[in-house]
1. Among strands (runs of 3 or more DSSP E) lying entirely in the stretch B:1-106, which contain 1 or more residues that are under 19 Å from residue B:163 (Cα atoms)?
2. In the stretch A:112-128, how many residues are in a helix (DSSP H, G or I), in contact with a helix residue (DSSP H, G or I) (Cβ under 9 Å, 6 or more places away or on another chain) and free of Cβ contacts under 8 Å to residues at least 40 places away in the same chain?
3. Need the failing condition index for residue B:180 against (1) modelled with pLDDT under 90; (2) surrounded by 19 or more Cβ atoms within 10 Å (Cβ to Cβ), just the number.
4. Take the residues in the stretch B:100-122 that are touching a residue at least 24 places away in the same chain (Cβ under 8 Å) and over 26 Å from the mean Cα position of the chain (by Cα); name whichever of them is surrounded by the most Cβ atoms within 10 Å (Cβ to Cβ).
5. Quickly run through the stretch A:48-63 and pick out the residues that are crowded, with 20+ Cβ neighbours inside 10 Å and either touching a helix residue (DSSP H, G or I) at 6+ places or on another chain (Cβ under 8 Å) or not assigned by TED's automatic domain parsing to the domain that holds residue A:173 (or both).
6. Might you let me know whether the stretch A:64-73 holds any residue that is buried (at least 19 other Cβ atoms within 10 Å of the Cβ) and within 26 Å of residue A:177 (Cβ to Cβ)?
């Protein structure tokens, strides 16, 4: 779906490059988590995935299209959508369904098709009841789901989300996480940038960026088995995630158990009453 | 060897319109061999209490004695042995990097020993030793402290207190504003200082640090003692009666929830420890 080959990028002629020789593939339907501390280059990398930035060295192919060729931009951006940290910055209308319809209208689609898409994505994102409501009445989590709905209405096949939960409260974070799980289940490719490791548990693969280089790649359980995540990358694995990993590995709880005290407590009591 | 706080009250701006009671009737004994933590919400009085321990603040009523030397009330300050108290108790404020003022790290580290009258010939050795304790080397001695990174500045500031080898080290939110790497390095440093015989008094709202290391925890709530006990006792108490602004770490909360539902679980913040205990318990019951 997306292929990066030796990508390098610098914001200035002097100083350290923001990205250096980064290569990886994103396969159709995969969920990739891109993690790293502040300044590791993860946002810069995310912006290459739908050609908001183009490589200075190497190349980035999206659906086989070279992002350096300007005539490819339209096709690239209609199949890969970015969702940013602050939902406020990407909502353009004052009414929920108008905002979702904005993209499809610009595609020049017939009214009936627009209606069908808007209703469809609002349902997927759990916002059907909010269709006619003013955007300002939504919570942070609902606004971020609206931003995702807007991207889906464009018929996107791949979502690139840059710290989509950074500005949300715990409840909003869980709503967005649940939506991403649903979308992944329905075949959407997901690239999620985050520094909160409790959010990578559902990903198929985790890529760790450090000082602009791809430093590690593996599955979430492999990542959580590493001992030196803090010292090596300045990332923190929340202890509750470690607890959950160990209990899942030992078969005491299922891998659907959320990484919370309540979730693990309930799952353990259920499984112990079964014996 | 202990700091004894008895029925301590502190009122800011007493007898003015701005009068505020920051501490009311707090008592505890801080043993040098122990790690003691003060926890509480913003405004609970924990920093005010910490600043009494080396006589930066003086009691409005009640008493504080450091290994027998009294921190006297303001009106008796002329009779107080400041030198003895300050030599015994080193205080590191929140954001200690703001205390830096010299042109080189060497002068920064030499400042306190010079004031104590340590001969110049010994100061270099003390400075090097303190730098090593915070995992910096002698190449830092000639550097300008203001040109260091945030984490390095903090370590130099801490080293400048360690040069005097205090018997007790009081730290007010020392991990605030540090990233994970800086936080782990600082905790490792404190663990070592503690092992080598310095009493640690930690003011924090990071309950994970407090529960994982403290021998004794004091809970402050609006200037009053809302709990004093071991980590296990305080965790169980906060679970039964939450104190606003104090959120139990998730792993410990899991253990408390399991206990409440009749399962056996150790009270710990350590995920590996809890996981192993639960797995063992499950094997046993099969």
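1. Result: B:89-92.
2. Of the residues in that region, 10 qualify.
3. (2)
4. Result: B:104.
5. A:50, A:51, A:53, A:55, A:60, A:62
6. Looking through the stretch A:64-73, none of the residues is buried (at least 19 other Cβ atoms within 10 Å of the Cβ) and within 26 Å of residue A:177 (Cβ to Cβ).
Quick grid of which residues meet (1) surrounded by fewer than 15 Cβ atoms within 10 Å (Cβ to Cβ); (2) free of Cβ contacts under 8 Å to residues at least 24 places away in the same chain; (3) away from chain B (no Cβ under 12 Å); (4) in contact with a helix residue (DSSP H, G or I) (Cβ under 9 Å, 6 or more places away or on another chain):
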{"site": "A:183", "(1), (2), (3), (4)": "no, no, yes, yes"}
{"site": "A:210", "(1), (2), (3), (4)": "no, no, no, yes"}
{"site": "A:235", "(1), (2), (3), (4)": "no, no, no, yes"}
{"site": "A:256", "(1), (2), (3), (4)": "yes, yes, yes, yes"}
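Each row is one residue, and each column tells you yes or no for (1) modelled with pLDDT under 95; (2) out of contact with any strand residue (DSSP E or B) (no Cβ under 7 Å at 6 or more places or on another chain); (3) outside the structural domain of residue B:210 (by TED's automatic domain parsing).
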{"residue": "B:40", "(1), (2), (3)": "yes, no, no"}
{"residue": "B:43", "(1), (2), (3)": "yes, yes, no"}
{"residue": "B:46", "(1), (2), (3)": "yes, no, no"}
{"residue": "B:49", "(1), (2), (3)": "no, no, no"}
{"residue": "B:54", "(1), (2), (3)": "yes, no, no"}
{"residue": "B:66", "(1), (2), (3)": "no, no, no"}
{"residue": "B:70", "(1), (2), (3)": "yes, no, no"}
{"residue": "B:83", "(1), (2), (3)": "yes, yes, no"}
{"residue": "B:87", "(1), (2), (3)": "yes, yes, no"}
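The values are calculated or read from the model by the stated rules, or taken from the named source; none is laboratory data. Model, not experiment: these values are computed from the prediction. Here the Cβ is made from the backbone with ideal geometry for all residues, glycine too, and neighbour counts use every protein chain on show.
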